[in-house]
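Nothing in this text is a laboratory measurement; each read-out follows from the coordinates by a stated rule. Predicted model, so just to flag it, every value in this text is computed and none were measured. FYI the Cβ positions are ideal-geometry reconstructions off the backbone, even for glycines, and counts take in every protein chain you see.
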Amino acid sequence: MERSVWQRLPVREFPPKERRADFREVNLGYLPEDAIVEASRCIFCRRPFCVEACPFHQDVPGYLERIKAGDFAGAMQVILRDNPLPAVCGRVCPHPCETVCPRGKKGDPIAIAWLKRAAADYAPDVQFPEPAPPTGFKVAIVGSGPAGLTAAWQLRLNGHSVTVYDAMDKPGGMLHFGIPTFRLPRDAWRKDLERLEALNIEWRMGVKLGEHVTLEELQQQYDAVLLAIGALKPRWMNIPGEDLEGVWHVIDFVKAVNLGNAPDLKGKKVAVIGGGFSAIDAVRMAIRLGAEAFILYRRDRAQMPAAQEEVKHAEEEGVTIHFLTNPTRFIGENGKLVAIEVQRQQLGEPDESGRPRPVPIPGSEFIMPADVVIEAISQEVDLTNLPEPLKGKRVIAVDAETLQTPIQGVFAAGDAVTGPFDVPNAIASGRKAAQAIHAWLMRQKEVAA
């Protein structure tokens, strides 16, 4: 039977039973011929709502039109005008563009993110255009996550010399150590990085701000500095028992697994607290490490920040989600976690996030056995090594329009400014900062002349 134009062509997936103990990629992407069929569903709206919904306004119709014609290299050329990380975005973007697709009104929206991935998969060797002639300006970028990498790309194309610093020994930030390989394989991410490396960006890895180099020293060596340090400081629930052995924060857990230092979880009961992408990533990692893993989430399914596709994958792999439950304390014996006291919740009036506020139900506490807990409620910016004028409320203080901090010539972008967010918003922030830095440098050149 012929498929309706309102139906999305399914993407290939690694079967649930096989992937429970395997870190290989779950979403296997479209075959070229399938991508062409899916792109052909696009009606190429006169007003492209998908472009408006994208944080960095990717030219979606432009690359879908080329995929429809079987021109994957042409699609990549369109994508790379706006986005330096197509292989990454095609896999981990929460695709707000798809939520406004007119096809979704009566059926399934166009698989915009999967089609971006198809372009990256089948035309990986397409490169960026040549940078503009050298300007003579030097820019230091601290942080090599998506915001820092995007800014480095944009500034190099503008002709500026760019040096990227990072405390880790490899570029990528959370792309490298904060996302599991079953969502973002390292070989796919490597293709995006190689394209950036071809721009002659200088890399200074293993250099931590405040420990190996100060902001003042960077200001003396460079014409402008961008702080794209992310939001990598754990935020805890601050409930009794967090000092027990077996209590992790999600940042430390995911990093340990990705860097080859996974804890032994075989046969253990692992509770992950939270409902966002990090929580889903952590619980699926725990399953693959042999744990009996489950999630405690204080709201209902409809309020989960994680993409429903990721939630579905977790449940297919055997994860149980306990909704409307919130831990009140961790219980230990001889310094080790053995159980969690949990309280049932009910949904109340909306809070500042716009979602119904979870309200504890008095007297509803109960005990759940657990050997390991992974808190995945949030994280924040580490402002420890920054000057006082830069310290905002849990983020770096910047001008909303220019992303310049109170210190002349020092800018900030990404999660360091917004708090924990997603990859496309980090890309948008990195582009905005790079444009502001370029404009500021050009003004300095005019003044000097």
Using the 10 angstrom Cβ neighbour count as an exposure proxy, how do 328, 384 rank, fewest first? 384, 328
Find the percent of Cα-Cα distances in the range 12-122 that exceed 20 Å, and round it to a whole number. 38
How much mean residue ellipticity at 222 nm does the chain get from its helices, if each DSSP H run of length 4 or more adds -39500 (n - 2.57) and you divide by all residues, to the nearest 500 deg cm²/dmol? -9500 deg cm²/dmol
Can you grab the distance from the C-alpha centre of the range 270-328 to the C-alpha centre of the range 206-242, Å, no decimals? 30
How large is Rg over Rh for the range 88-206, taking Rg from the Cα atoms and Rh as the Kirkwood inverse mean of 1/r across Cα pairs? 1.04
Using a 10 Å cut-off around each Cβ, can you sort 313, 160 from fewest to most neighbouring Cβ atoms? 313, 160
Kindly identify the range 373-444 as rounded, prolate or oblate by the Cα gyration tensor criterion: order the square roots of the eigenvalues as a ≥ b ≥ c, call it rounded if a/c is under 1.5, otherwise compare a/b with b/c, prolate if a/b is larger, else oblate. oblate
Applying the gyration tensor rule to the Cα atoms of the range 233-378 (axes a ≥ b ≥ c; rounded if a/c under 1.5, else prolate if a/b exceeds b/c, else oblate), the class is oblate
Run through the range 45-128 and list the trypsin sites (Lys or Arg not before Pro) located in a DSSP loop whose Cβ has at most 15 other Cβ atoms within 10 Å. 46, 106
From the alpha carbon gyration tensor of the range 287-338, can you work out the equivalent ellipsoid semi-axes (sqrt of 5 times each eigenvalue) and give them in Å, largest to smallest? 24, 16, 7
Please identify the GluC sites (Glu not before Pro) of the range 1-63 that satisfy two criteria: DSSP loop assignment and at most 10 other Cβ atoms within 10 Å. Which are they? 2
If you filter the range 308-405 for GluC sites (Glu not before Pro), then keep DSSP loop positions with at most 15 other Cβ within 10 Å, what is left? 352, 365, 401
Residue order, fewest to most beta carbons within 10 Å, for 41, 186: 186, 41
Over 25 Å between C-alpha atoms is what I'm after, so list which of 391/432; 106/191; 138/432; 17/116; 266/312 land there. 106/191; 17/116
Let a ≥ b ≥ c be the square roots of the eigenvalues of the Cα gyration tensor of the range 173-273; is it rounded (a/c under 1.5), or, if not, prolate (a/b larger than b/c) or oblate? oblate
Normalised alpha carbon radius of gyration of the chain [divisor 2.2 N^0.38 Å]: 1.02
